[in-house]
1. Looking at (1) without any contact (Cβ under 8 Å) to a residue 24 or more places away in the chain; (2) in a strand (DSSP E or B), find the lone condition where residue 33 falls short.
2. Just checking, which of 98, 89 is assigned to a strand (DSSP E or B) and either among the aliphatic types (A, V, I, L, M) or over 30 Å from residue 162 (Cβ atoms) (or both)?
3. Report yes if residue 49 is within 29 Å of residue 143 (Cβ to Cβ) and either within 16 Å of the chain's Cα centre (by Cα) or open to solvent by less than 70 Å² (accessible area, probe 1.4 Å) (or both), otherwise no.
4. Considering only residues of segment 135-178 that are open to solvent by 60 Å² or more (accessible area, probe 1.4 Å) and among the basic types (Lys, Arg), which is nearest to the chain's Cα centre (by Cα)?
5. Taking residue 103 and the conditions (1) touching a helix residue (DSSP H, G or I) at 6+ places or on another chain (Cβ under 9 Å); (2) assigned to a strand (DSSP E or B), which numbered condition does it fall short on, given that it satisfies the others?
6. Are any residues in segment 52-90 open to solvent by less than 20 Å² (accessible area, probe 1.4 Å) and in contact with a helix residue (DSSP H, G or I) (Cβ under 8 Å, 6 or more places away or on another chain), and if so, which ones?
7. Taking segment 16-30 on its own, how many of its residues are part of a helix (DSSP H, G or I) and among the small types (Gly, Ala, Ser)?
8. Can residue 11 be described as farther than 15 Å from residue 105 by Cα, free of Cβ contacts under 8 Å to residues at least 40 places away in the same chain, open to solvent by 10 Å² or more (accessible area, probe 1.4 Å) and in contact with a helix residue (DSSP H, G or I) (Cβ under 8 Å, 6 or more places away or on another chain)?
Amino acid sequence: GRLVMMVQRREPLSDDLGIRSAWVQISDDDGHTWTELGPVDDSHEYAAMYGRNLVTRGDTMYVGVWSRTGHSLYVSMDQGISWKRRSEIFSLEDFPGIRHADPPYYPHLVFCPDGSLLAMAYHTPPENHCYTRRSTDNGKTWGPIRSLQALTLWAPRMKVLDGRTLVATGRDIVENATVAWFSTDNGETWGHKLVVDRPPFEAQSYAYTD
């Protein structure tokens, strides 16, 4: 019944270079009060700058974190009280710009219908597409990075719809629309793009979906 929240912290009036280590807060009374526990990882101020979604499987919580030391998977086995780095998902060797808070951004996690753990991050325009990486051992090791040139999603969020279908939502910067893509093969391929709406944002507005 506990609520766990990761809060992104940044220097006032700063850009992405001003973002610091994310902090964990928990609530055991349905969100009426919150207890601040401290940084996800206190080993380095840029080690765990933000986690977009927390995934629970069994007794373990998982989060993919954005980090200037390499985007990584962290796990908690005590209901969010403490977090330990399990593995690196997207490294500085793969994407040197991560060191300077450049893309790809915010690895999002989902356990697929086949039980594998899929991580997806996105690269901003002009590259404008997503990267994925898959683990079949709960994030201890990862397969090769895949560049999904056709998946033009800003800040994707993934969810299992049923026993065989994944949905990824996000913003299509080119179409200026909120869109959804679907996969029936555990995220190997994506199709059947659906335009959900066209919010009255500026043409190049970078909005987030849920």
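1. Exception for residue 33: condition (2).
2. Working: 98 fails: assigned to a strand (DSSP E or B).
Among 98, 89, only 89 is assigned to a strand (DSSP E or B) and either among the aliphatic types (A, V, I, L, M) or over 30 Å from residue 162 (Cβ atoms) (or both).
3. Details: within 29 Å of residue 143 (Cβ to Cβ): yes; either within 16 Å of the chain's Cα centre (by Cα) or open to solvent by less than 70 Å² (accessible area, probe 1.4 Å) (or both): yes.
Yes.
4. The first filter runs over segment 135-178 and keeps only residues open to solvent by 60 Å² or more (accessible area, probe 1.4 Å), leaving 136, 140-141, 144, 146, 149-150, 159, 161-164, 174-175.
If we keep only those that are among the basic types (Lys, Arg) as well, we get 140, 146, 159, 164.
Details: 140: 17, 146: 16, 159: 12, 164: 21 Å.
The extreme case among them is 159.
5. For residue 103, the failing item is (2).
6. 67, 70, 71, 90
7. Applying the first criterion (part of a helix (DSSP H, G or I)) to segment 16-30 yields 16-18.
Now narrow it down to the ones that are among the small types (Gly, Ala, Ser): 18.
So the answer is 1.
8. On the way: farther than 15 Å from residue 105 by Cα: yes; free of Cβ contacts under 8 Å to residues at least 40 places away in the same chain: yes; open to solvent by 10 Å² or more (accessible area, probe 1.4 Å): yes; in contact with a helix residue (DSSP H, G or I) (Cβ under 8 Å, 6 or more places away or on another chain): yes.
The answer is yes for residue 11.
The values are calculated or read from the model by the stated rules, or taken from the named source; none is laboratory data. Since the model is a prediction, treat every value here as computed from it, not as a measurement. Neighbour counts are summed over all protein chains in view; Cβ atoms, including those assigned to glycine, are modelled from backbone coordinates with ideal geometry. Side chains are part of the model used for accessible areas, which takes the heavy atoms of the whole protein and leaves out ligands, DNA and RNA. Shrake-Rupley method; radii C 1.70, N 1.55, O 1.52, S 1.80 Å.
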